[in-house]
Amino acid sequence: MVIAIKFIDCFSGIGGFRSGLEKAGGFECIGYCEIDRYAAAAYRAMYDTEGEVYYDDVSKIDTAEMPDFDLLTGGFPCQSFAGCGLRKGFDDPRGALFFELARIIRDKRPAAFLLENVRGLLVHNQGETFKKILITLSELGYIVEWRLLYI
């Protein structure tokens, strides 16, 4: 009997995390969240989402009604941290969506989470924004590791 790691794909876009996890094997997507209707439509066209829960707005997820899962993935909006943006960080509603992921992690207590963003997040506000993210996740009781990947 093969046991799959169940995951929820937040800020799913067209499925970057999902593609990688499915290719790796041993993962089962049980739900996804994407506010952009075109990206959500592409996601549904690319993946068999039958029986999965769908959320259109991460800030409206009622965690009491969410199914249990082992892994949360999320590429939260980068416009607030990227060098080409206005760099408003958490003062931008999109940047503050990180705290919605933290809320879900706090309430659902998955075994792990995998988050991604742009390189600019590391230096935004002289590194204070990234420090806040690391502290927030650590205060939830998780051991947090991070990597900067160059491709």
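The values are calculated or read from the model by the stated rules, or taken from the named source; none is laboratory data. Please read all numbers here as calculations on a predicted model, not as lab measurements. Glycine also receives a Cβ, built like all others from the backbone with ideal geometry; neighbour counts cover every protein chain displayed. Note: accessible area is taken over every heavy atom of the protein model, side chains too, but ligands, DNA and RNA are not part of it. Shrake-Rupley method; radii C 1.70, N 1.55, O 1.52, S 1.80 Å.
Only one of these conditions is not met by residue 30: (1) open to solvent by less than 30 Å² (accessible area, probe 1.4 Å); (2) of a type in the set (A, V, I, L, M); (3) in a helix (DSSP H, G or I). Which number is it?
Every listed condition holds for residue 30 apart from (3).
Taking the condition of being surrounded by fewer than 12 Cβ atoms within 10 Å (Cβ to Cβ) and closer than 22 Å to residue 17 by Cβ, how many residues in the stretch 110-137 meet it?
Of the residues in that region, 1 qualify.
Considering the stretch 84-105 alone, what residues qualify as being open to solvent by 30 Å² or more (accessible area, probe 1.4 Å) and either touching a His at 6+ places or on another chain (Cβ under 9 Å) or among the polar types (S, T, N, Q) (or both)?
The one that is open to solvent by 30 Å² or more (accessible area, probe 1.4 Å) and either touching a His at 6+ places or on another chain (Cβ under 9 Å) or among the polar types (S, T, N, Q) (or both): 87.
What are the pairs, 6+ residues apart or on separate chains, where a residue within the stretch 89-112 that is touching a residue at least 40 places away in the same chain (Cβ under 8 Å) has its Cβ under 6 Å from a residue that is of a type in the set (Lys, Arg) and surrounded by 19 or more Cβ atoms within 10 Å (Cβ to Cβ)?
none
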